[in-house]
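First comes the structure, then the notes that go with it.
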Amino acid sequence: MTENIPTREEAFALLKKYNQTESLIKHALAVEGVMRYMARKRNEDEEKWGVIGLIHDLDYEQFPDQHCKKTEEILHENNWPEEYIRAVVSHGWGICVDVKPETELEKVLYAIDELTGLVVTTALVRPSKSVMDVKTKSVKKKWKDKRFAAGVDRSIIEKGAAMLGVEIPELITDTIAGMQDVAEEIGLKGNA
């Protein structure tokens with residue numbers, strides 16, 4: 001069977017087939033936005049990076065105990081390219097799978113997945129409820145408070161940044177910029 005290069009529409013339809021929770025869909029859209037931003041910044045394939053970001057948590061709502069493993073199955077059933085599948089699976093490295101991020105795309109996905117959660121939470125505590133006026137220093141300040149967005153594993157972000165050879169503030173700045181591109185879709189346009 002030949003591999004199918006998935007379109008964004010196909011990826012989004014598949015995401016919605018397995019996920020109904022608004023917060024999970026918004027997370028997928030946020031990660032997609034950041035991946036597209038990062039691809040543009042690196043002169044990479046924006047469509048591929050975006051689709052992989054969009055689909056990365058495909059199995060999380062229905063199969064949280066089989067996270068990444070079930071996505072791998074589903075994407076194989078849909079004849080997705082091996083490169084896309086590996087990239088998606090690798091974001092669970094050290095958490096639920098042993099597939100280490102190796103390509104630039106995989107390292108970026110690994111680094112920014114958790115970070116989008118910290119940026120969302122930082123935006124939501126602002127009077128504007130908007131990502132449009134979130135600054136890197138605000139996220140850095142929240143980063144230090146381990147009770148703030150306690151579910152965000154900062155060690156994963158640190159490992160991802162180290163793999164990419166970038167400093168945390170730069171990663172935060174890029175993540176904010178990518179999320180600002182999709183502020184409307186992720187419900188963080190606010191009243192800024």
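Is it the case, given these coordinates, that Lys141 is surrounded by fewer than 17 Cβ atoms within 10 Å (Cβ to Cβ), of a type outside the set (Gly, Ala, Ser) and assigned to a loop (DSSP other than H, G, I, E, B)?
On the way: surrounded by fewer than 17 Cβ atoms within 10 Å (Cβ to Cβ): yes; of a type outside the set (Gly, Ala, Ser): yes; assigned to a loop (DSSP other than H, G, I, E, B): no.
So Lys141 fails the test.
Ile186: in a helix (DSSP H, G or I) and crowded, with 19+ Cβ neighbours inside 10 Å, yes or no? No.
Once the range 85-101 is narrowed to residues that are of a type in the set (Val, Ile, Thr) and surrounded by fewer than 20 Cβ atoms within 10 Å (Cβ to Cβ), the residue that is farthest from Pro6 (Cα to Cα) is Ile95.
Put simply, of Glu82, Glu77, Glu104 the only residue that is surrounded by 15 or more Cβ atoms within 10 Å (Cβ to Cβ) and either closer than 24 Å to Leu171 by Cα or not hydroxyl-bearing (Ser, Thr, Tyr) (or both) is Glu104.
Per-residue answers, yes or no, for (1) farther than 22 Å from Leu109 by Cα; (2) basic (Lys, Arg); (3) without any contact (Cβ under 8 Å) to a residue 60 or more places away in the chain; (4) in contact with an Asp or Glu (Cβ under 9 Å, 6 or more places away or on another chain):
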| residue | (1), (2), (3), (4) |
| --- | --- |
| Ser128 | yes, no, no, no |
| Lys146 | yes, yes, yes, no |
| Val152 | no, no, yes, yes |
| Ile156 | no, no, no, yes |
| Gly160 | no, no, yes, yes |
| Ile168 | no, no, yes, yes |
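Going by what's in this entry, would Lys129 be described as surrounded by fewer than 18 Cβ atoms within 10 Å (Cβ to Cβ) and either of a type in the set (Gly, Ala, Ser) or in a helix (DSSP H, G or I) (or both)? Steps first, answer last, please.
Values: surrounded by fewer than 18 Cβ atoms within 10 Å (Cβ to Cβ): yes; either of a type in the set (Gly, Ala, Ser) or in a helix (DSSP H, G or I) (or both): no.
No, not satisfied.
In the range 2-16, the residues that are touching a residue at least 40 places away in the same chain (Cβ under 8 Å) reach residues that are small (Gly, Ala, Ser) with C-beta atoms within less than 7 angstrom, at least six apart or across chains, in these pairs: Arg8/Gly50; Leu15/Ala28. Screening Asn43 with (1) surrounded by fewer than 16 Cβ atoms within 10 Å (Cβ to Cβ); (2) free of Cβ contacts under 8 Å to residues at least 12 places away in the same chain; (3) in a helix (DSSP H, G or I); (4) not basic (Lys, Arg) gives one miss only, at (3). Among the residues of the range 108-126, just one is without any contact (Cβ under 8 Å) to a residue 60 or more places away in the chain, over 24 Å from Ala39 (Cβ atoms) and either touching an Asp or Glu at 6+ places or on another chain (Cβ under 9 Å) or assigned to a loop (DSSP other than H, G, I, E, B) (or both), namely Val125.
Bear in mind these aren't lab numbers, they're just calculated from the coordinates by the rules spelled out. Keep in mind that this is a model prediction, so the values were computed, not measured. Positions of Cβ are backbone-derived with ideal geometry, glycine not excepted, and every protein chain shown enters the neighbour counts.
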